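Step one of this worksheet: look at the structure below.
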Amino acid sequence: MPTAIMAILNVTPDSFSDGGRFTSPQAAIAEANRLIAEGADILDIGGESTRPGAHPVTEDVELQRVLPVFQALASQSKVRLSIDTMKPAVAATCLEAGATLINDVTGLRDTQMAAVAARHGAGVVIMHTRGTPQTMKELTHYYDLIADIKTELCPRIHAARDAGITEIIVDPGIGFAKTPAQSFEVLHRLRELEELGYPILIGPSRKSFLGALTGMQPTNARLEGTLAAAVIGAMNGASIIRVHDVAACRKALSVVDAVKGA
């Protein structure tokens, strides 16, 4: 199977890389169509920033941002639609509007999220993190990074299975409650997560662990690092890569897929 690309579409004013660019439904829909044309397999649409230090928003605000986009794309999009949210009510509304996947950066911390996914027959991405965007930078102590990630993901996976969810994807949470060194270690040891028995998604795109290599270069200067991380991740077991730069990533991953299929 070719490595899938999940394209990032943040309908927010404050996301770390593209905040404020697609705040109107018209701009977001145009960007969605561009990402699809570049080769996205999944569109991951979010209305609340989860960058370190980000402030939460209400359900109403989040829905005002994302719902018009789902409603417009559901009837015309040929790719899968994912809602990037930690709020069960937001997820439920977007699933009713055409989403089929929930990308929950809290890893189903709210027990209602699994019930929402099961009720709608949706898949879930269960991401590893600790704390909140305001506190996660202080929660980076691990005894054994990958072993601890697996241990902390397992109860979330069991909760999803017990709720009746049949499609589960795991995400080690690069940059979430991880130092830059730990994020690189995740990429290096990614294949150990295959022991969980579920497809692996990684989201390295433009993140600060890449900027840390060169004196915290700005987000728009991290393409090469993102592509390297995507290639390493795909070679080490990731089946889905979540990125902003779809066209470049598709070209890089085509080489990975050719090598893996040789």
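Do you know which of the residues in segment 202-227 that are outside any helix (DSSP H, G or I) and within 15 Å of VAL246 (Cα to Cα) is modelled with the lowest pLDDT?
Here the answer is ARG222.
Residues of segment 138-177 being small (Gly, Ala, Ser), loosely packed, with under 15 Cβ neighbours inside 10 Å and at negative phi, which ones? Even if it seems obvious, please write down each step before you answer.
If we filter segment 138-177 for residues that are small (Gly, Ala, Ser), which is where we start, we get 147, 159-160, 163-164, 173, 175, 177.
Going one step further and asking which of them are loosely packed, with under 15 Cβ neighbours inside 10 Å, we end up with 147, 164.
Passing the criteria: only ALA147.
With the condition kept exactly as written, say whether any residue in segment 178-194 is aromatic (Phe, Trp, Tyr) and surrounded by fewer than 18 Cβ atoms within 10 Å (Cβ to Cβ). I'd like the intermediate steps shown before the answer.
To start, the set of residues in segment 178-194 that are aromatic (Phe, Trp, Tyr) comprises 184.
Cutting the leftovers down to surrounded by fewer than 18 Cβ atoms within 10 Å (Cβ to Cβ) gives us none.
Within segment 178-194, not a single residue is aromatic (Phe, Trp, Tyr) and surrounded by fewer than 18 Cβ atoms within 10 Å (Cβ to Cβ).
If the Cβ limit is 7 Å and pairs must be 6+ apart or interchain, which residue in segment 234-262 that is more than 15 Å from MET6 (Cβ to Cβ) pairs with which residue that is at pLDDT 95 or above and among the acidic types (Asp, Glu)?
GLY237/GLU194
Any residue at all in segment 90-100 that's closer than 29 Å to VAL69 by Cα, without any contact (Cβ under 8 Å) to a residue 40 or more places away in the chain, touching a Lys or Arg at 6+ places or on another chain (Cβ under 9 Å) and of a type in the set (Val, Ile, Thr)?
Within segment 90-100, one or more residues are closer than 29 Å to VAL69 by Cα, without any contact (Cβ under 8 Å) to a residue 40 or more places away in the chain, touching a Lys or Arg at 6+ places or on another chain (Cβ under 9 Å) and of a type in the set (Val, Ile, Thr).
Evaluate segment 30-50: report whether one residue or more is within 23 Å of ILE240 (Cβ to Cβ), surrounded by fewer than 19 Cβ atoms within 10 Å (Cβ to Cβ) and modelled with pLDDT under 90.
No, segment 30-50 contains no residue that is within 23 Å of ILE240 (Cβ to Cβ), surrounded by fewer than 19 Cβ atoms within 10 Å (Cβ to Cβ) and modelled with pLDDT under 90.
Going residue by residue through segment 73-81, is there one that turns out to be buried (at least 22 other Cβ atoms within 10 Å of the Cβ), in a helix (DSSP H, G or I) and touching a Cys at 6+ places or on another chain (Cβ under 9 Å)?
The answer is no; no qualifying residue exists.
List the number of the failed condition for LEU201; all other conditions in (1) out of contact with any Asp or Glu (no Cβ under 6 Å at 6 or more places or on another chain); (2) among the hydrophobic types (A, V, I, L, M, F, W, C); (3) touching a residue at least 40 places away in the same chain (Cβ under 8 Å) hold.
(1)
The values are calculated or read from the model by the stated rules, or taken from the named source; none is laboratory data. What you see is a predicted model; the values in this text were computed from it and never measured. Ideal geometry is used to build each Cβ from the backbone, glycine not excepted, and the neighbour counts take in all protein chains shown.
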